[in-house]
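See structure below.
The values are calculated or read from the model by the stated rules, or taken from the named source; none is laboratory data. Quantities reported herein were computed from a predicted structural model and do not represent experimental measurements. Cβ placement follows ideal geometry from the backbone for every residue including glycine, while neighbour counts extend to all protein chains displayed. For accessibility, only protein heavy atoms count, side chains too; no ligands or nucleic acids. Shrake-Rupley method; radii C 1.70, N 1.55, O 1.52, S 1.80 Å.
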Amino acid sequence: MLTSMCVRSASRGGLRLAALLLGLLLVAAPARAAVPEYELKLALLFNIAKFVTWPGERGRGDTLSFCMVGGNPFDDAARELEGRRVRGRTITVSRLRLEDDAVLDCDIAFIDRERAPQIRELLVELAAAPVLTVSDAPGFAEQGGVVGLSTRNSRVAIEINQRAQERSGLVINAQLLRMATLVETGNPG
């Protein structure tokens, strides 16, 4: 998988640069390339996590919880993230329903685009929580999600809602902000 290549090929000092380069490659890569769409999105999500700082990160423990909310478009590929490390924390993967209170305990919540009608309600609940909300549902960032993954001209693009990011207390590295489309609409809170 692409994430293993990135992790194995980069030295500790060059990991950040390798992640940025892979991220740029993924954003520029056509979605219909040899890599299946959701493997590409999963690798992109893994690299996005490297550029995010959670409030009180040092006190959050040694795990980074990646939750698939409402469905699992990644199939078994998401399990490949289990045990990998990001920012010194080991990734755990779980699958939750939209109505599970445990969503508030996730560090990253990927919300299945098939749940689009219920997304707004969940975003209201998560608005001030330190959760990196991500989805490929159309207009996700405009609705108040932190990161939207969209496909434009057969390429996967990153949209970031800075207002949602600030409300959640997350800090997104300027390098990632520069390569994303910034969205400031939507106020779920």
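Think of a 1.4 Å ball rolled over the protein heavy atoms: the range 46-189 then has 44 Å² of accessible area per residue.
A DSSP coil position with no more than 15 other Cβ atoms inside 10 Å describes the following GluC sites (Glu not before Pro) in the range 71-158: Glu82, Glu99. Rounded to the nearest 10 square angstrom, Asp75 shows an accessible area of 100 square angstrom against a 1.4 Å probe.
Once all protein chains are placed together, Phe46 keeps about 10 Å² accessible to a 1.4 angstrom probe. Backbone geometry of the range 138-151 corresponds, through the Karplus equation with coefficients 6.51, -1.76 and 1.60 at θ = phi - 60°, to 3J(HN,Hα) couplings of x, x, 4, 5, 5, 7, x, x, 6, 10, x, 10, 10, 10 Hz, x marking Gly and Pro. Largest accessible area first, the listed residues Thr133, Thr53, Thr151 line up as Thr151, Thr53, Thr133 when surface is computed with a 1.4 Å probe on the assembled protein chains. This model, with +1 at the C-beta of Lys and Arg and -1 at the C-beta of Asp and Glu, gives the range 68-159 a dipole about its Cα centre of some 400 debye.
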